[in-house]
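Structure, as structure tokens:
Here, each number is a calculation from the coordinates, and none is a lab measurement. Since the model is a prediction, treat every value here as computed from it, not as a measurement. Cβ: placed from backbone, ideal geometry, glycine included. Neighbour counts: every protein chain shown.
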Amino acid sequence: MRYSLRININVCRMLYFMDPMTPFPCQLELIAFPDSDFAYVIDELLHLLHSFPEILERLEADLDRHALVLKQARLNHRRACAGTPHLPGLDDPDPVEAIAPSELKLGIGRRPMPAQDVLFCLVCRYFLDGVKSVSARSFFAESRTVARYFSMQGRSCPAGSTITHNVNLVSQATLDLVLDRIITTIQSRNLDDFAEVTLDSTAVRGNTAWPADSELIAKIARRLHRGLCQPILEGVATSVASRIGARCEDIEAARQSIGLASGKGAKEVRQHHYRLMIDAAEYVPQEMGEILDHLATWEHGHRPGSRGYQRWMELQARMTEDVSQLDSLIHTTCRRVIVGEHVGTAERVLSVADPSVAWIEKGGREPEVGYRVQVAKSARQFVVAVSVPEGNQADASMFQQTCRDAFERIGTTPATCSADDGYASKANQQWQAQQGVQTKSFSGAKGKKIAGEEAWESKPYREARRMRSAVEGLIGQLKALFGFGRVWRRGLEAVKAELTGKAIVYNLYRLQQRVHTC
């Protein structure tokens, strides 16, 4: 049992309003509260940090690396704003621009968030599947475990934006180290021998809408128009901005008509308005190409290295990327809607917010715009590997890489490796034999054909197929408890970091379950 200090705030408020002279109670009630899964997860986390101090060292290095990059940017900005002329012989022999972030030293400044707090907040974030939702805010406000942790540290609980910022600084290498040490802990406590490994894949929804081509064209055109309306471009791109603004109105009108088309003849109506939209949208890349060529040599007044210069370069890069996306989108939409060609999802622009998402179709289910994630698990339902490939790669092509990650993490080659028939191929069967896997099981007709009738009906293969079906239950738990079915971050590397973080929290959750049930 754990103990916590609690004041009945409602009673205190009632007494105060009845009699303002009533002193605030100084006697705190010492109460016992029941254990919870979250409290056990935090206990396992603190035990992990105590056993493996290198985790905090690696995490502190991540935070310092980010702080040094920010310091480099501040020094560059200060130097650029000072406008110091280049005087040969009198210049600083080690100019700021020549100093790499790794050579800078952190001095006394704003105190960063402690590494242990960052890892604590990482577990909170992925245990709750976010920190800014109403339920997450209520949890942080009411959780005795959170209150106890920060009171023991002598600090207050950070805001949601602070938690998100610092958790996002944790590198993939650090997350992999944490996952490695959790597996080491499981092995040292004899909670799993990792003699069996099972693979499966799942579709994970990206943090993006699933709009039609008309929605994407309208969004990109509006974003380009907003970029031209920036104060820095006043008087330079004003006329172009007004012309593109008029085109955006035509595009928006066509988009609304496309969305409202229904009933008999709806296909012809949509096709007509798509033509109008494409006619208006084709004007935008032409105008933007000319203005971007002009802006590339335009004297914008910002000194290189200053924050204004960095923002200006980012604006230019974003507008250039938007023009490229819009041009590609117009071309594929014309082929698909007007000409009637079949356009593969690999050629289409699926998202404005996250260009790395792909069209995922799996198992006859509804398609998702997101990522096809590979998961490897043990017989005791621990996650041993998470792989996030680019695009919608076939399971068979990811089998060997995911197995390598799993075998390296557990430090041995398992006796049994099983997967569904989507992974089945002779090359993967032969590769397992080379690695020393004894029972190589692929379910389904393809797996039966590769294994042969005798091996297929043997007891080890039947047991492996039974074990394979359990991985779907693990993925179901990951999705139901920790939001594994969707991601909030964008970009391939960021998504991989988020899913690895969720796997870490799941393993801690599963670890405390095994400890308290064995």
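Which ³J(HN,Hα) values in Hz, rounded to whole numbers, follow from the phi angles of the range 437-450 under the Karplus curve 6.51 cos²θ - 1.76 cosθ + 1.60, where θ = phi - 60° and Gly and Pro get x?
After applying 6.51 cos²θ - 1.76 cosθ + 1.60, I find 6, 7, 9, 10, 10, 10, 7, x, 5, 5, x, 5, 5, 6 Hz.
For Q172 and E321, what does the FRET efficiency come to when R0 = 30 Å and r is the distance between their Cβ atoms, rounded to the nearest 0.05?
With a Förster radius of 30 Å, E is 0.80.
Taking only C-alpha pairs under 8 Å that are 6+ residues apart, what is the relative contact order of the range 300-457 in percent?
Relative contact order here is 11 percent.
Please list, in order along the range 267-273, the HN-Hα scalar couplings obtained from phi with the Karplus expression 6.51 cos²θ - 1.76 cosθ + 1.60 (θ = phi - 60°), rounded to whole Hz, x for Gly and Pro.
So the Karplus estimates, Gly and Pro as x, are 4, 5, 5, 4, 4, 4, 6 Hz.
For a bin width of 10 Å, list the pair-distance distribution of the range 213-347 built from all Cα-Cα distances, rounded to whole %.
Values per bin, smallest distances first: 11, 39, 28, 15, 6, 1, 0.
At most 15 other Cβ atoms within 10 Å and a DSSP loop assignment: could you name the GluC sites (Glu not before Pro) in the range 222-306 that fit?
Of the GluC sites (Glu not before Pro), the ones in loops of the range 222-306 whose Cβ has at most 15 other Cβ atoms within 10 Å are E234, E282, E299.
What does the extension gain come out to for D193 and H47, with contour length at 0.36 nm per residue minus their alpha carbon separation?
Length gained between D193 and H47: 50.5 nm.
Go through G308, A218, L228 and say which Cα lies farthest out towards the positive end of the charge dipole of the range 213-347; charges sit on Cβ, +1 for Lys and Arg, -1 for Asp and Glu.
Farthest along the dipole direction, towards plus: A218.
At 0.36 nm per residue, and after removing the present C-alpha to C-alpha distance, how many nm does the segment from A415 to K267 gain when stretched out fully?
So the extension gain works out to 47.6 nm.
Run the numbers for A209 and A82: contour at 0.36 nm per residue of separation, minus the present Cα-Cα distance, in nm.
My answer for the length gained is 41.3 nm.
Using a basic spin-label model with each label point 7 Å from the Cα along Cα→Cβ, how many nm lie between A159 and T517?
In this crude spin-label approximation the distance works out to 4.1 nm.
In the range 352-503, if the dipole is taken from +1 on Lys/Arg beta carbons and -1 on Asp/Glu beta carbons about the Cα centre, which of V495, I360, Q434 is farthest to the positive end?
The residue sitting most towards the positive pole is Q434.
Anything over 26 Å Cα to Cα? Flag those among K362/K426; K132/K502; K219/K479; K459/K502; K132/K496, in the order listed.
Over 26 Å apart, Cα to Cα: K219/K479; K459/K502.
Note down the nm distance, to one decimal, between modelled labels 7 Å out along Cα→Cβ at V134 and at C229.
The modelled label-to-label distance comes out at 3.2 nm.
Kindly put T517, T198, T345 in sequence by how many other C-beta atoms sit within 10 Å of each C-beta, fewest to most.
The most exposed by this proxy come first: T517, T345, T198.
Over the range 213-347, calculate the relative contact order: mean separation of alpha carbon pairs under 8 Å at least 6 apart, over the residue count, as a percent.
Computed value for the range 213-347: 29 percent relative contact order.
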